[in-house]
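**Q** Before we start, here is the structure in question, set down as structure tokens.
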Amino acid sequence: MIRVTLAVWFVSLAASGGLEGQQDEAACPEYGARLGTPMETVRYLADDALGGRFSGSAGERCAGDYIAAMFASLDLEPGGEDGFFQELPLASAAQPHAPPGRGRNVVAILRGSDPELRQSAVVIGAHYDHLGLGEFGSTGEVGEIHNGADDNASGVAAVLAAARALRGGLRPARSIVFIAFTGEELGLIGSAWYANHPAIPLEETVAMINLDMVGRLEDDELIVYGTGTAPEWEEIIPAANADLGIPLAWEEAGFGPSDHTSFYANDIPVLHFFTNVHSDYHRHTDDAEKVDASGLERVARLTENVARVLAERRDRLAVIPGVGERERRAGGYGAWLGTVPDFTPVDFGVLLAGVTEGSPAAGGGLARGDVLIGLGDYEVGDLQAFTDALAAYRPGDEVVLRYLRDGDEHATTVRLGDRADRPQ
């Protein structure tokens, strides 16, 4: 999971530096021909030999090959342009500090049984990249292998376990797409790419379930983000949890620093399962022996149960757009605008994936698809320039926003909000 607030939204990438060392060759550990237990997946992905699975590295390629092999062992249909792989560039105008080269999403499809509903899909996803040697994003020791057992080998393990369960029972009526994303730690690169190159059209994607850090349940609550993105979640989630009895904490926010945001920005209802941060978060101590095996299996079963309900119901969920921000619990300070960037590269400015309901940006009439090019006295050429411009003002200041809509330039005046007073 990315460690940034939505006011910054990943533009602190400039602090990375020295990423070239993450690209050293690695020998892939051996693995069996069939999918094992979720903990076997965690142990493989969090093996030192994978070097922390930094995006585009040899270790991440080992992880991608493993995930593809497990999808194949389940007789799932490849969903990428190259078998199970969907190759994509890592660095771009929107992500100038990502490493050069290419990463790979790993995509598989379980085709639905209903002749009509099989044309639509439920997406279940988790990112499989992590921090490598910690030169970017670490809260601990740079130079140590950051294995990311909880973040996010656990999420991938849950996706694979849910895939096996859904493949092994009665085939669902609606198709289910399983995705392991690259580039999440660098700014949702893989999921943003998939949203623009989907295996099944996004307009036929009825919901997305994201699993990011689900390995530390133990006796605590499972935090379920996105419950405000569709009214039907109020019935679906408790019913899916009835035989599991997992303590749940409900959070309405649909936007957040993980891959579900790339789907919610496209008006798709989302859920994000999360067992909370801990002292090993983004440190080299996030190792497999600290993962709660039984808790991970329960989260995988909850994922299966929710996906089955979504795959069998004929009616689509009623999406509620623009709900909340993932990091609002952390409080924060400084001026707040309420824009949510889209990471698709543009020549100049910040393309908007949406705006938060009740925010200054929403009050000023900004909307998804606009390109913000100016804030007050400052030009906004990219995300870093936007963050610098916003930091130059205080809550309550009036500023003129300049933006492009359908190629035409517009301007609107807004009064900046206070991050500490954002809508709850």
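The values are calculated or read from the model by the stated rules, or taken from the named source; none is laboratory data. None of these values were measured; they are calculated from a predicted model. FYI the Cβ positions are ideal-geometry reconstructions off the backbone, even for glycines, and counts take in every protein chain you see. Surface areas here come from the heavy atoms of the whole protein model, side chains and all, with no ligands, DNA or RNA. Shrake-Rupley method; radii C 1.70, N 1.55, O 1.52, S 1.80 Å.
**Q** Taking interchain pairs and intrachain pairs at least six residues apart, which have beta carbon atoms under 8 angstrom, with the first residue in segment 51-67 and without any contact (Cβ under 8 Å) to a residue 40 or more places away in the chain and the second surrounded by fewer than 24 Cβ atoms within 10 Å (Cβ to Cβ) and outside any loop (DSSP other than H, G, I, E, B)?
**A** A58/Q23; C62/A49
**Q** Residues R61, R34: which one is part of a loop (DSSP other than H, G, I, E, B), charged (D, E, K, R) and surrounded by fewer than 21 Cβ atoms within 10 Å (Cβ to Cβ)?
**A** Testing whether each residue is part of a loop (DSSP other than H, G, I, E, B), charged (D, E, K, R) and surrounded by fewer than 21 Cβ atoms within 10 Å (Cβ to Cβ) leaves just R34.
**Q** Restricting to segment 213-248, count the residues that are under 25 Å from Y128 (Cα atoms) and either touching an Asp or Glu at 6+ places or on another chain (Cβ under 7 Å) or of a type in the set (G, A, S) (or both).
**A** Qualifying residue count, segment 213-248: 11.
Quick grid of which residues meet (1) touching a strand residue (DSSP E or B) at 6+ places or on another chain (Cβ under 7 Å); (2) charged (D, E, K, R); (3) at pLDDT 95 or above:
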{"site": "S154", "(1), (2), (3)": "no, no, yes"}
{"site": "A163", "(1), (2), (3)": "yes, no, yes"}
{"site": "G169", "(1), (2), (3)": "no, no, no"}
{"site": "V177", "(1), (2), (3)": "yes, no, yes"}
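**Q** Would you call V270 closer than 25 Å to T182 by Cα, touching a His at 6+ places or on another chain (Cβ under 6 Å) and of a type in the set (A, V, I, L, M, F, W, C)?
**A** Taking the combined requirement at face value, the residue satisfies it.
**Q** Something else: Check I236 against each of (1) over 18 Å from G79 (Cα atoms); (2) open to solvent by 20 Å² or more (accessible area, probe 1.4 Å); (3) at pLDDT 95 or above and name the one condition it does not meet.
**A** Only one criterion is unmet by I236, namely (2).
Listed here are the residues, each with its yes/no results for (1) under 21 Å from M1 (Cα atoms); (2) of a type in the set (A, V, I, L, M, F, W, C).
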| residue | (1), (2) |
| --- | --- |
| A46 | yes, yes |
| G59 | yes, no |
| C62 | yes, yes |
| D65 | no, no |
| P99 | yes, no |
| V106 | yes, yes |
| R118 | no, no |
| G125 | yes, no |
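**Q** Sort out which residues of segment 403-421 are of a type outside the set (S, T, N, Q), at pLDDT 90 or above and either open to solvent by less than 60 Å² (accessible area, probe 1.4 Å) or part of a loop (DSSP other than H, G, I, E, B) (or both), and write them in order of number.
**A** Y403, L404, D406, G407, V414, L416, G417
**Q** For segment 356-412, enumerate the residues that are at positive phi and not small (G, A, S).
**A** Answer for segment 356-412, where residues must be at positive phi and not small (G, A, S): just D406.
**Q** Among the residues of segment 344-363, which ones are modelled with pLDDT of 90 or more, surrounded by fewer than 21 Cβ atoms within 10 Å (Cβ to Cβ) and among the small types (G, A, S)?
**A** A362, G363
**Q** Can you tell me how many residues in segment 371-387 are among the hydrophobic types (A, V, I, L, M, F, W, C), in contact with a helix residue (DSSP H, G or I) (Cβ under 7 Å, 6 or more places away or on another chain) and without any contact (Cβ under 8 Å) to a residue 40 or more places away in the chain?
**A** 3
**Q** So G245 clears everything in (1) open to solvent by 40 Å² or more (accessible area, probe 1.4 Å); (2) under 25 Å from I67 (Cβ atoms); (3) not in a helix (DSSP H, G or I) except one condition, right? Which one?
**A** Going through (1) open to solvent by 40 Å² or more (accessible area, probe 1.4 Å); (2) under 25 Å from I67 (Cβ atoms); (3) not in a helix (DSSP H, G or I) one by one, G245 breaks only (2).
**Q** Being open to solvent by less than 10 Å² (accessible area, probe 1.4 Å), within 21 Å of E357 (Cα to Cα) and among the hydrophobic types (A, V, I, L, M, F, W, C) is the filter here; which residues of segment 368-391 pass it?
**A** Listed by number, the residues that qualify are L372, L375.
**Q** Another question about this same structure. Six or more apart or on different chains, Cβ under 7 Å: which pairs go from a residue in segment 105-131 that's at negative phi to one that's in a helix (DSSP H, G or I) and of a type in the set (D, E, K, R)? Could you list them?
**A** If the second residue must be in a helix (DSSP H, G or I) and of a type in the set (D, E, K, R), the pairs left are L110/R167; R111/R118; G112/R118; Q119/E204; S120/E204; A121/E204; D129/E60; H130/D151.
**Q** Take the conditions out of contact with any Gly (no Cβ under 6 Å at 6 or more places or on another chain), closer than 21 Å to L317 by Cα and open to solvent by less than 10 Å² (accessible area, probe 1.4 Å) and apply them to V224. Does it pass?
**A** So V224 fits the description; yes.
**Q** Further question on the same structure: Take A195 and tell me if it is touching a helix residue (DSSP H, G or I) at 6+ places or on another chain (Cβ under 8 Å), over 29 Å from S55 (Cβ atoms), outside any strand (DSSP E or B) and open to solvent by 10 Å² or more (accessible area, probe 1.4 Å).
**A** The answer is no for A195.
**Q** Tell me, yes or no, whether segment 217-224 has at least one residue that is out of contact with any Pro (no Cβ under 9 Å at 6 or more places or on another chain) and acidic (D, E).
**A** Taking every residue of segment 217-224 in turn, at least one turns out to be out of contact with any Pro (no Cβ under 9 Å at 6 or more places or on another chain) and acidic (D, E).
**Q** For segment 114-168, give me the residue count where each residue is part of a loop (DSSP other than H, G, I, E, B) and either buried (at least 24 other Cβ atoms within 10 Å of the Cβ) or of a type in the set (A, V, I, L, M) (or both).
**A** Residues that pass the stated criteria total 11.
**Q** Right, next: Given the criteria outside any strand (DSSP E or B), within 18 Å of the chain's Cα centre (by Cα) and in contact (Cβ under 8 Å) with a residue 24 or more places away in the chain, does G80 qualify?
**A** Criteria not met by G80.
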